[in-house]
Amino acid sequence: MFNRTPDFLAIGDITTDAFIRIKEASVHCNLNKENCELCVSFAQKVPYEFVEVLRAVGNASNAAVSASRLGLSSGLVADTGNDQNGKECLAVLKKEKVSSNFVSTHKGMETNYHYVLWYEDERTILVKHQAFPYKLPHIGSPKWIYLSSLGGNTEKYHDEIALHLEKHPEIKLAFQPGTFQINLGVEKLKKIYARTEVFVCNKEEAEKILGVGETDIKELLKKIHELGPKIVLITDGPKGAYAFANDVSFFMPPYPDPKPPFERTGAGDAFASTFVTALALGKSIEEALRWAPINSMSVVQQVGAQRGLLTQAGIEEWLKKAPQDYFPKKI
């Protein structure tokens, strides 16, 4: 699609999400409304309302689509099987103007397929990552690499990515770690952390990465920063988000939901990718912090991680209607 390396190149797994809307279930949490469990009847037939299948999703693919809609030349490094599912994922990328030049298709393998148990406005995802023979293609020198969720057999693949970044110091790296990358630990990914320009995760993930319990948010920001990232973003769900850059900590309130969230998949991806894209477009950190929650707000009004993603014009329209106090605050 592009004759050159795109400005924004996301690296991570691509998948299809099958959203199964269920009603006959319950949620059980502890007193702090944490460690919640979705419960359905065991050894029974559990009715569902409908299934909606969304192609070409996953953290990295969501980010690539987000960047494309916001006006950057965008591409994806990912792996698929040569099945119908993979072909349909590639068709979605083409429609979204995301370059698939760096997507590797593997004969005789299946493309990732996840099941999303959707109850009220939250979801529980059944995931299965195919064991692709990951190998970094010749990606050249994009302005930004956006690294996110990959499967469990990718430790050496991360070493390849780190080596490419070492050879190309001009590339800026955004890192939004997935479950495997968090579980892999800081030590094995220390070159990735040290090379990161923008790091994004949620509060619980930050505590897990650092191996700590409940910790003050400013302390979390500084401890992640000490691992190497220049700019650290930590989201805290509907409470808002926090950032650390240039020795200054910020709190960014959420953008008010126009109506109750419909489904929360992709809110974090929208926040992270919009912030990074805004920086790539020349916006300041403060401006990027105002953009990011708007795309998150928009995404949770729709099913899935991509349907609600906005254009620049869409972001600007919501900014015009923003509350007077919708600005990052130093903390």
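The values are calculated or read from the model by the stated rules, or taken from the named source; none is laboratory data. Here the structure is a predicted model, which is why all the values come from computation and not from measurement. Backbone-built Cβ (ideal geometry, glycine too); neighbour counts: all protein chains shown. Accessible surface is based on the protein model in full, side chains and every heavy atom, while ligands, DNA and RNA are left aside. Shrake-Rupley method; radii C 1.70, N 1.55, O 1.52, S 1.80 Å.
The modelled label-to-label distance between Ser284 and Asp216, using points 7 Å beyond Cα along the C-beta direction, is 2.7 nm. Note on the chain: antiparallel DSSP beta bridges, both residues inside, total approximately 45 percent of the bridges counted.
Using the Cα centre as the reference, give the magnitude of the dipole from point charges on the C-beta atoms of region 110-251 (Lys, Arg: +1; Asp, Glu: -1; all else neutral), rounded to the nearest 20 debye.
480 debye
Taking amide H atoms as placed 1.01 Å from N in the peptide plane, the amide H of Gly178 lies under 5 Å from those of Ser149, Leu150, each 5 or more residues away in sequence or on another chain. Counting only protein heavy atoms and a probe of 1.4 Å, the accessible surface of region 126-279 is 53% carbon and sulfur. Within a straight-line Cα-Cα reach of under 12 Å, Lys230 can be paired with the following aspartates and glutamates, leaving aside sequence neighbours fewer than 8 residues apart in one chain: Glu197, Asp247. I'd like the FRET efficiency for Lys128 and Asn246, computed as 1/(1 + (r/R0)^6) with the beta carbon distance as r and R0 of 45 Å, rounded to 0.05. After rounding, the FRET efficiency stands at 0.60. Solvent-free Debye calculation, one equal scatterer per alpha-carbon of region 51-181: log10 I(q)/I(0) at 0.15 Å⁻¹ equals -0.76.
With viscosity 1.002 mPa s and temperature 20 °C, the Kirkwood radius over alpha carbon pairs of region 108-162 converts through Stokes-Einstein to a diffusion coefficient of 153 µm²/s.
For the chain, the relative contact order works out to 16 percent when only alpha carbon pairs closer than 8 Å and six or more residues apart are counted. What nm value, rounded to one decimal, do you get for the distance between Lys191 and Glu166 when each label is placed 7 Å out toward the C-beta? It is 0.4 nm.
May I ask which of Lys218/Lys329; Lys203/Lys330; Lys128/Lys218; Lys95/Lys167 have a Cα-Cα span longer than 25 Å here? In this structure, Lys128/Lys218; Lys95/Lys167 exceed 25 Å between Cα atoms.
Modelled this way, with points 7 Å down the Cα-to-C-beta line, the labels at Glu120 and Lys23 are 1.6 nm from one another. Give the aspartates and glutamates reachable from Lys135 as a straight Cα distance under 12 Å; neighbours fewer than 8 places away on the same chain don't count. Excluding near neighbours in sequence, the set is Asp79, Glu155, Asp159, Glu160. For region 151-159, the Karplus equation 6.51 cos²θ - 1.76 cosθ + 1.60, evaluated at θ = phi - 60°, returns couplings of x, x, 10, 10, 4, 5, 4, 5, 5 Hz by residue, with Gly and Pro reported as x. Only helices enter the 222 nm calculation for the chain: every DSSP H run of n ≥ 4 contributes -39,500 (n - 2.57), and dividing by all residues gives -9500 deg cm²/dmol, rounded to 500. In 10 Å bins starting at zero, report the fraction of Cα pairs in region 1-98 per bin as a rounded %. The calculated distribution, bin by bin, is 14, 32, 22, 22, 8, 1. When the charge dipole of region 73-114 is built from unit charges on Cβ atoms (+1 for Lys and Arg, -1 for Asp and Glu) and taken about the Cα centre, the candidate among His114, Leu90, Ala78 whose Cα reaches farthest toward its positive end is Leu90. For region 1-66, the set of GluC sites (Glu not before Pro) satisfying both a DSSP loop assignment and a count of at most 13 other C-beta atoms within 10 Å is given as Glu24, Glu34. Under the criterion of Cα pairs below 8 Å and six or more residues apart, the relative contact order for region 267-331 equals 32 percent.
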